[in-house]
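Below: the structure, in structure tokens.
All of the numbers you see were taken from the coordinates with simple rules; none came from a lab. Note that the structure is a prediction, hence the values are computed from the model and not measured. All Cβ positions, even for glycine, are placed from backbone atoms using ideal geometry, and neighbour counts span all protein chains on display.
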């Protein structure tokens with residue numbers, strides 16, 4: 001490979017004309033020529049000051065740069081982001097590395113990978129991420145190749161509030177070993193607060209791989225570079241940006257059963273960039289009344305000190321800004337009962353009482369545990385030890401940066417409900433609704449979603465299904481297409497409870513429709529008639545046209561509730577393909593699979 005740019009720094013201890021001459025000489029040299037010159041100069045240094053090509057020992061053959069594949073399976077983008085960080089670290093460690101989505105890897109190619117790191121998230125109740133489902137199924141089948149020459153390590157991402165915590169990471173780790181792979185670093189199972197676990201895992205894995213692969217030795221240290229100006233602060237997950245809230249608007253009309261807010265944050269001076277389709281993570285604080293109730297129930301000193309990862313806080317500070325004090329899960333109950341030693345709790349935790357445990361957890365919080373199974377004695381540090389770190393909440397961004405430079409907008413449904421005799425409220429949604437005022441700041445960072453984007457071809461149609469707060473990314477999509485001057489048709493299916501009170505961004509959508517930016521708008525307000533009507537019903541009513549759009553190359557997007565809406569929409573899509581395309585059930589499935597493989601059926605569900 002030839003050298004095309006000057007390689008001798010101006011700080012070299014050479015006269016300017018010598019620097020110019022040396023750069024002129026080095027420019028255009030091939031790798032073997034550079035090695036020859038390296039050996040020649042070594043001979044000059046080792047000898048009496050003169051050397052000829054005949055007296056210089058040939059340079060040693062270069063050691064091949066080891067290759068590394070970082071395979072990831074992602075739902076919300078976290079695994080992909082960590083894969084990218086791992087690739088950067090691997091390149092610094094001397095590897096030729098690349099990140100590969102499980103959706104893009106043919107199973108047979110797995111056997112050709114010698115150094116493999118896997119980062120995979122678990123979705124819902126022990127399922128693979130949607131884009132990784134096909135690869136996972138094949139990988140766990142008899143079709144999987146033997147991997148005797150593969151060195152591997154696995155990191156799983158999950159959520160301890162789910163029973164099958166990090167199931168995908170465990171499955172991949174066990175399967176790689178069963179296929180003959182050699183585990184070079186232990187699997188790590190990480191909760192939603194995964195930064196420290198990730199740092200330890202990738203450092204250990206790369207160190208072990210480097211030792212096993214024996215990459216070329218690092219070159220000798222170069223002279224220390226001249227002092228550079230301090231780098232600007234980089235805001236990220238580990239260092240969130242304090243974004244000022246510019247505006248908060250209630251989107252529901254008076255009398256609505258829902259509370260949906262539109263928020264506009266300033267990103268000026270942050271250096272943060274996002275694209276339509278990405279998510280914004282918000283780092284919330286627990287409500288003061290919830291914290292106070294928690295402290296009173298535990299009967300502890302609010303101002304007493306506690307340690308969290310070697311940092312000291314008052315108990316009140318820890319419960320307000322550091323810890324998840326609401327989410328109840330089996331691991332939390334287990335840790336608590338190591339202190340409480342309550343026989344009824346022990347019975348509930350017995351594996352044979354799985355259904356009863358899940359029934360107990362549903363709708364309850366940690367404070368219910370403290371009330372119903374009080375520990376005789378519990379210290380503040382012990383109480384802190386049963387809880388996980390307060391995780392950030394991700395919201396689909398509702399704006400295009402092209403339309404709102406220096407800003408980011410969110411559409412947030414505020415959660416409030418009663419359960420088991422107590423008033424409950426969503427930690428982050430009520431934080432955004434009532435605990436920060438306009439002009440105050442919330443800590444945020446951007447989470448990219450590379451696979452939920454407008455078509456790169458501006459002439460292709462889009463079909464968007466987004467009831468409720470699922471409308472957020474499609475507001476961003478339409479703004480994006482307007483700013484790009486895209487000519488492709490755009491069709492929106494939106495639904496909620498009532499037309500008069502719950503038509504989110506009504507004026508905007510009607511203006512887009514009148515201007516021709518939005519080609520078609522179909523609405524489903526479920527409570528405005530005797531029989532409930534949903535977005536999937538509107539899809540069926542327009543089945544012929546919807547099928548025609550797909551045949552023209554339309555992208556099909558879904559955003560919103562994963563448990564019911566997204567499933568019902570998927571069923572409707574299959575039915576439409578059978579009805580309008582004359583396809584069998586299997587052919588309809590194959591059609592949908594092709595849409596997904598072509599990245600034309602994209603979902604952002606939660």
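For a quick protection proxy, order the peptides 525-534, 317-326 by their average other-Cβ count within 10 Å, most packed first.
On the way: 525-534: 13.2, 317-326: 21.3.
For the peptides 525-534, 317-326, the packing ranking is 317-326, 525-534.
Could you check the simple spin-label distance between residue 441 and residue 500, using points 7 Å along Cα→Cβ, in nm with one decimal?
4.4
Report the Cα centroid-to-centroid distance between segment 395-450 and segment 503-551 in angstrom, as an integer.
Taking the Cα centre of segment 503-551 as reference, the centre of segment 395-450 is 26 Å away.
How much of the pair distance distribution for segment 466-557 lies past 15 Å, counting alpha-carbon pairs only, in percent? Write down the numbers at each step before the final one.
Details: 2556 of 4186 pairs.
So the portion of pairs separated by more than 15 Å is 61 percent.
Considering only C-alpha atoms, what is the centroid distance from segment 249-303 to segment 149-185, in Å?
34
Arrange the peptides 456-465, 141-150, 475-484 so that the one whose residues have, on average, the most other Cβ atoms within 10 Å appears first.
475-484, 456-465, 141-150
Taking only C-alpha pairs under 8 Å that are 6+ residues apart, what is the relative contact order of the chain in percent?
Worked out over the chain, it gives 11 percent.
Going by average Cβ density within 10 Å per residue, which order do the peptides 112-120, 594-602 take, highest to lowest?
Packing order, densest peptide first, comes out as 112-120, 594-602.
By how many nm would the segment from residue 311 to residue 376 lengthen if fully extended, with 0.36 nm per residue of separation less the alpha-carbon distance?
20.7 nm
Distance in nm between label sites at residue 197 and residue 417, each 7 Å beyond Cα in the beta-carbon direction?
Distance between the two pseudo-spin positions: 2.6 nm.
Provide the FRET efficiency to the nearest 0.05 for the residue 347-residue 562 pair, computing r from the beta carbons and using R0 = 25 Å.
Details: r = 33 Å, r/R0 = 1.31.
The pair residue 347/residue 562 has a calculated efficiency of 0.15.
How much length would be gained if the chain were fully extended between residue 527 and residue 106, taking 0.36 nm per residue of separation minus their Cα-Cα distance, in nm to one decimal?
Numbers: separation 421, 0.36 × 421 = 151.56 nm, distance 4.68 nm.
This chain segment gains 146.9 nm when fully extended.
Under the rule of -39500 (n - 2.57) per DSSP H run of 4 or more residues, summed and divided by the residues of the chain, what mean residue ellipticity at 222 nm is obtained, to the nearest 500 deg cm²/dmol?
Only helices count here, giving -10000 deg cm²/dmol.
For segment 98-112, list residues with backbone N below 15 Å from a point placed 7 Å from the Cα of residue 134 toward its Cβ?
What the label zone holds, given the 15 Å backbone N cut-off, is 101-109.
Out of all DSSP beta bridges in segment 67-213, what portion is antiparallel? Express it as a percent rounded to 5. Walk me through the numbers before you get to the answer.
Numbers: 1 of 24 bridges.
Of the beta bridges lying entirely in segment 67-213, close to 5 percent run antiparallel.
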